[in-house]
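S.K.: Let me give you the structure first, and then I'll get to my questions.
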Amino acid sequence: MRYDGGHKRDPFLSETLGRFVEFIPVCPEVECGFPTPREPMRLWGTPDTPQIIGAVSGTNFTELIHAWCRKKVHNLKQFDPNGFICRKESPSCGMDRIKMYGIYDTPARVGMGIFTKMFMEHFPLVPVEEDGRLQDPSLREMFLERVFTLRRFRESFRNGKSNSALLKFHTNHRLLILSHGRAQSKEMGNLISQAKNLSIDELYGRYQRLLLEALAQRATPAKCADVMTHTMGHLRMHLTQEEKQELAEMIDRYRNRILPMVVPATMFRHYIRKHDIAYLERQVFLNPPHPAELMLRNHV
């Protein structure tokens, strides 16, 4: 609930994404007991030592909100969150470029929401994105890919950790990781090869960090098209020359942003099912890595 009693309801988040995730609402001001409507608040001071001040009364609410934030992030640990969507320009829940007042001649966009900053310190691997930025189809796809992959990673090992389970996860996600960067994919492959020399907790901790660092790198159409071209190597003996040419042309049209990714990916899945290629059928990169109903790969 906004300070003025209004809202910033997003139909995609509440009606579409809400069918596949459980939202845990967070509002520092309301949960601290402030009324709605209420006076707006501002960040005051410097990015390193921000204060949160009432814009009308000048009251300093920093200690009250800090105490609530510390308690809240501790309570959130029980939910094992897979992502966090923060509120654009909010002095408590914004991600970056929040207006800061006080020592500057004019308000400077150098601040970060107090709760968001504390959340990211306590959950450094959890994907965080701002609601306004999620209007960009590419950023939306990138964020939700990370969210659903993290959830899948955690659910894969609910019944216990083992080297074989991690190898299976990595094998099924290999092309997805490769689409974000060859360097990250190589580093993760090297880690898997050293699995017998590491404790299971160290192995999983290092792998999860590398996984999320890899997915934080943008998977551009050029990178994804390269992965598709690589994937064609597994299909060459099964396809006619005309089918190979058609698939290659489709990949090039996607690379040049003429077709959305869903088009060549659908064609790949058709050939994979037709010829029963088990390794490719398990690849999350082609399936896709998030619910198809979200239509995240339908943009050009």
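The values are calculated or read from the model by the stated rules, or taken from the named source; none is laboratory data. These figures come from a predicted structure and were not determined experimentally. Ideal geometry is used to build each Cβ from the backbone, glycine not excepted, and the neighbour counts take in all protein chains shown. The protein model used for the area step is the full one, side chains on, heavy atoms only, and it has no ligands, DNA or RNA in it. Shrake-Rupley method; radii C 1.70, N 1.55, O 1.52, S 1.80 Å.
S.K.: Over the range 1-104, with every protein chain in place, what whole percent of the accessible area is carbon and sulfur at 1.4 Å, could you tell me?
M.R.: 52
S.K.: Once both labels are modelled 7 Å past Cα along the beta-carbon direction, what's the ASN163-ASP105 spacing in nm?
M.R.: So the label points at ASN163 and ASP105 sit 6.4 nm apart.
S.K.: Run through the DSSP bridge list for the chain and note the antiparallel percent, rounded to the nearest 5.
M.R.: The antiparallel proportion sits near 65 percent.
S.K.: Would you mind counting up the charge near VAL227? Only other residues with Cβ under 12 Å from its Cβ, with Lys and Arg at +1 and Asp and Glu at -1. Walk me through the intermediate numbers first.
M.R.: Numbers: positive: ARG174, ARG182, LYS223, ARG255; negative: ASP226.
With Lys, Arg at +1 and Asp, Glu at -1, the net is +3.
S.K.: Continuing with the same structure: Applying a 10 Å radius around every beta-carbon, put 171-181, 247-257, 192-202 in order of their mean neighbour count, most first.
M.R.: Packing order, densest peptide first, comes out as 171-181, 247-257, 192-202.
S.K.: Still on this structure, please answer the following. Note down the accessible area of ARG269, probe 1.4 Å, to the nearest 10 Å².
M.R.: The accessible area of ARG269 comes to roughly 60 Å².
S.K.: Oh, and also: I'd like the chymotrypsin sites (Phe, Trp or Tyr not before Pro) in the range 63-128 restricted to DSSP loop residues with at most 14 other Cβ atoms within 10 Å, sorted by number.
M.R.: Those that pass, being in a loop and sparsely packed, are TYR104.
S.K.: Return the aspartates and glutamates within reach of LYS72: Cα separation strictly under 18 angstrom, same-chain partners fewer than 8 residues apart disregarded; answer none if there are no such residues.
M.R.: Of all the aspartates and glutamates, those that pass the test against LYS72 - Cα under 18 Å, at least 8 places apart if same chain - are GLU22, GLU29, GLU31, GLU63, ASP80, GLU121.
S.K.: Sort ARG236, ARG154 by heavy-atom solvent-accessible area, probe 1.4 angstrom, most to least.
M.R.: On the way: ARG236 115, ARG154 45 Å².
My answer, sorted largest first, is ARG236, ARG154.
S.K.: Less than 14 Å Cβ to Cβ from GLY111, Lys/Arg counted +1 and Asp/Glu -1: what total charge do the surrounding residues give?
M.R.: +3
S.K.: Give me the Å³ per residue figure for the convex hull around the C-alpha atoms of the range 141-258.
M.R.: 113
S.K.: Averaged per residue, what accessible area in Å² does the chain show with a 1.4 Å probe, protein chains only?
M.R.: The answer is 53 Å² per residue.
S.K.: With just the Cα atoms of the chain, tell me how far they stretch along each of the three principal axes, in Å, largest first.
M.R.: Between the extreme Cα coordinates on each principal axis of the chain lie 75, 47, 35 Å.
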